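Note sheet for the following structure.
The values are calculated or read from the model by the stated rules, or taken from the named source; none is laboratory data. If you're wondering where the values come from, they're calculated on a predicted model, not measured in any experiment. Glycine gets a Cβ as well: all are built from the backbone with ideal geometry, and neighbour counts include every protein chain shown.
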Number of protein chains: 2
Amino acid sequence: MVKITDVARHAGVSPSTVSYALSGKRSISADTRRRIEASIRELGYRPHAGARALASSRSNVLALVVPLRTGMHVPVVMQFAVSVVTTARRHDHDVLLLTQEEGEEGLRRVADTALVDALIVMDVQMHDERLPLLRALDRPSVLIGFPAEPAGLTCIDLDFRAAGAACVQQLALLGHRCVALIGSPPEVYLRQTGFAQRVAEGFTATATRHGLTSSVHPCEASPAAARAVAERLLREHPALTGVVVHNEPVLEPLVDAFEQFGLRVPGDLSITAICPDEPAARTRVPVTSVAIPTAEVGARAVELLMRKLDGAPVPEATLLAPRLTLRGSAAPRA
Amino acid sequence: MVKITDVARHAGVSPSTVSYALSGKRSISADTRRRIEASIRELGYRPHAGARALASSRSNVLALVVPLRTGMHVPVVMQFAVSVVTTARRHDHDVLLLTQEEGEEGLRRVADTALVDALIVMDVQMHDERLPLLRALDRPSVLIGFPAEPAGLTCIDLDFRAAGAACVQQLALLGHRCVALIGSPPEVYLRQTGFAQRVAEGFTATATRHGLTSSVHPCEASPAAARAVAERLLREHPALTGVVVHNEPVLEPLVDAFEQFGLRVPGDLSITAICPDEPAARTRVPVTSVAIPTAEVGARAVELLMRKLDGAPVPEATLLAPRLTLRGSAAPRA
DNA sequence: CTGAAAGCGCTAACAT
DNA sequence: ATGTTAGCGCTTTCAG
């Protein structure tokens, strides 16, 4: 194995000069730098990660904790992960993958052994068990998602309240006067998954502000449940002409159900949704929607972490503005 | 930070004894071991990963290289990853996530810097560019998937040839005499993705051995293409009563198409498929299928790697036997 | 069964 | 602008 002393000898300089040339932590004459770079290339030198971590107390590795739970849309998790890895690499860091399953002990382990410099935690719950630990840990962390009490933490996510608002606002602008939110399964609200509640709040507040009649309907993630909700909605709210869907698995069944009940989308019923682009785009009538900007969330999370590692101050809360992609499932009221 | 010398002092032994107590590499008297364990717990000692890696030339980290390609495969990739992480942890290793995008340079980097001890590479192509590097690297690796020339490498995957065979054999056993394989898009065969070809080979060989009339039909991943293939099949092969599908995105459209052409499944037409369980289970008629055993592949890949790290010999090729899950889309010929 | 001590390869004061 | 050197915390001979 070729080491820094080999490079130093070959370039006719001291090891520290090679180290500094590599890190850029002090200025090196152009000539020396060139010789060092040539030697490095010629010898195929690669600094030993462990040695580096030991001497500098920086591993240049970030931990990414991913959820395993069902219901979490798997491709979305994957997109986050890819975005985190890609952005981390751009900042000369690698990413260690941890599963939720490892729990607090896993976080403590990778932090305390100095295996990682910092952590990104996905799928944060309202009263997440890991919060006290994350606050106490000596390594910086960024949470994707907002707990009930985010003080003292750094959190980033789509602004779900604004997303709920944007969906209903679009319907209001199109002239709809009676709208409904078809939301996540009841257990999601009970589990206090934050974002579901926030969507409902944004939806209701904005509907009210625009003077619309509105109602909220949790819905199980099955086609049968979708049919049942659609049927009930049409029966109980005959004036309904606008629906916001925040429940990806039932988006397609819902569109089908409404059409089977004789409503044309968007002729008789306009729909907007909060869900990934892919399912929104492949329904019979493509659905106007707000997607979670996974790539941006992942990248920004890494960047926040890098700033924290540099000792720079960062905002505690980062809420990304929703962006509505128009796909034709929402039209002016007949 | 509490270090090994702190523990040693606290327990009244030398640092090396603590180290050996931790690694189990030499025998320690029961009494000493107890004192050491107590001290470790009391002081909250955690060995420094970098120091350990430097002194032992073992980082206890594995690299996992995941593909980035399009949508359909994503949940499967995630399942692999989770299985790899879980199994690696069981062997006291962590997992570093690399994207395909990093290419050969990424592999070389993590190997040469001793950041990882070994590598798992997913989504290996027939003539994968990374093969020469993987052969030359001084760290062991395991490939998920079989390239054209696997000699000198350690590969593991579902036995796709046997999977193709199993699907058609089931149809043969049920009395079907004329069968077709609806396969992957043409470009998949052209890209020489190995497994697609192997499925076709297993299908054709087994059909022939059972004296069946058989044909193979590549199919684009669109509902329209599915309809077209279904229509052509019924026209050109009026005796057809059995179909094997190896093309996840069109499974559902195909079932729909056949039924729209007046064929009942499985009354008039029996279907078996090679695809993940989830899409197979959610079609109108749940489809009898062979799934890629992601959890097992991931776990076995890690175990192969562990054996290689221990210097033990491992088989170059590990082909996992297909298992057919019966779901009712295949029935005896009328 | 246990200790002493020499590194592992690199970084970062401290010098000059 | 560059060199010298003392560690970083652990493992592992070598010795007993």
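Observations on the structure shown:
- Filtered by the rule that a residue be of a type outside the set (S, T, N, Q), more than 9 Å from DNA strand C (Cβ to nearest atom) and part of a helix (DSSP H, G or I), segment B:1-18 gives B:ILE4, B:ASP6, B:VAL7, B:ARG9, B:HIS10.
- Yes/no for A:ALA228 being touching a Ser or Thr at 6+ places or on another chain (Cβ under 6 Å), closer than 29 Å to B:ARG282 by Cα and in a helix (DSSP H, G or I): no
- Segment A:26-40: number of residues that are in contact (Cβ under 8 Å) with a residue 12 or more places away in the chain, within 12 Å of DNA strand C (Cβ to nearest atom) and away from chain B (no Cβ under 14 Å): 1
- Residue in segment B:80-88 that is within 7 Å of another protein chain (Cβ to nearest Cβ), out of contact with any Phe, Trp or Tyr (no Cβ under 7 Å at 6 or more places or on another chain) and surrounded by fewer than 20 Cβ atoms within 10 Å (Cβ to Cβ) present: yes
- Annotation: of all residues in segment B:14-49 being β-branched (Val, Ile, Thr) and within 11 Å of DNA strand D (Cβ to nearest atom), the one that is farthest from B:ASP94 (Cα to Cα) is B:THR17.
- Breaking point among (1) under 31 Å from the mean Cα position of the chain (by Cα); (2) within 14 Å of A:SER329 (Cβ to Cβ), for A:GLU259: (1)
- Summed over segment A:114-156, the residues that are within 14 Å of another protein chain (Cβ to nearest Cβ) and either hydrophobic (A, V, I, L, M, F, W, C) or within 16 Å of DNA strand C (Cβ to nearest atom) (or both) give a count of 10.
- Meets criteria (buried (at least 17 other Cβ atoms within 10 Å of the Cβ) and touching a Phe, Trp or Tyr at 6+ places or on another chain (Cβ under 9 Å)) for B:GLY106: no
- Screening B:SER23 against (1) within 25 Å of A:SER57 (Cβ to Cβ); (2) near DNA strand C (Cβ under 7 Å from one of its atoms); (3) small (Gly, Ala, Ser) leaves a single unmet condition, (2).
- Close pairs from segment A:41-57: first facing chain B (nearest Cβ under 7 Å), partner among the β-branched types (Val, Ile, Thr), Cβ under 6 Å, at least 6 apart: A:ARG46/B:THR113; A:ALA49/B:THR113
- Residue count, segment A:58-79 (criterion: within 16 Å of DNA strand D (Cβ to nearest atom) and either surrounded by fewer than 18 Cβ atoms within 10 Å (Cβ to Cβ) or more than 7 Å from chain B (Cβ to nearest Cβ) (or both)): 2
- Just one residue in the set A:ARG46, A:ARG33 is at pLDDT 95 or above, under 42 Å from the mean Cα position of the chain (by Cα) and not in a loop (DSSP other than H, G, I, E, B); that residue is A:ARG33.
- Flag for A:ARG300 being buried (at least 16 other Cβ atoms within 10 Å of the Cβ) and either at pLDDT below 95 or not in a strand (DSSP E or B) (or both): yes
- Scanning segment B:89-100 for residues that are at the interface with another protein chain (Cβ under 9 Å from one of its Cβ atoms) and over 16 Å from B:LEU115 (Cα atoms) yields a single hit, B:ARG89.
- Candidates A:ALA38, A:ALA21, A:ALA53, filtered to the one that is in contact with a Ser or Thr (Cβ under 9 Å, 6 or more places away or on another chain), in a helix (DSSP H, G or I) and more than 21 Å from B:VAL110 (Cβ to Cβ): A:ALA21
- Of the listed requirements (1) exposed (fewer than 11 other Cβ atoms within 10 Å of the Cβ); (2) in contact with a helix residue (DSSP H, G or I) (Cβ under 6 Å, 6 or more places away or on another chain), B:VAL7 misses just one: (1).
- When residues of segment B:159-189 are limited to those that are among the charged types (D, E, K, R) and under 25 Å from B:ALA148 (Cβ atoms), the one farthest from the chain's Cα centre (by Cα): B:GLU187
- Evaluation of B:LEU43 against the conditions (1) buried (at least 18 other Cβ atoms within 10 Å of the Cβ); (2) not assigned by TED's automatic domain parsing to the domain that holds B:GLY298 shows that the sole unmet condition is (1).
- In segment B:127-139, the residues that are in contact (Cβ under 8 Å) with a residue 40 or more places away in the chain form Cβ pairs under 9 Å with partners that are part of a loop (DSSP other than H, G, I, E, B) and not basic (Lys, Arg), at six or more places apart or across chains, as follows: B:HIS127/B:PRO147; B:HIS127/B:ALA148; B:HIS127/B:GLU149; B:HIS127/B:GLN192.
- Failed item, numbered, when A:LEU68 is tested on (1) free of Cβ contacts under 8 Å to residues at least 12 places away in the same chain; (2) in a loop (DSSP other than H, G, I, E, B): (1)
- Against the test of being modelled with pLDDT of 95 or more and surrounded by 21 or more Cβ atoms within 10 Å (Cβ to Cβ), the options A:LEU153, A:LEU171 yield a single qualifying residue, A:LEU171.
- Where B:ARG161 falls short, out of the listed (1) crowded, with 17+ Cβ neighbours inside 10 Å; (2) free of Cβ contacts under 8 Å to residues at least 40 places away in the same chain; (3) basic (Lys, Arg); (4) in a helix (DSSP H, G or I): (2)
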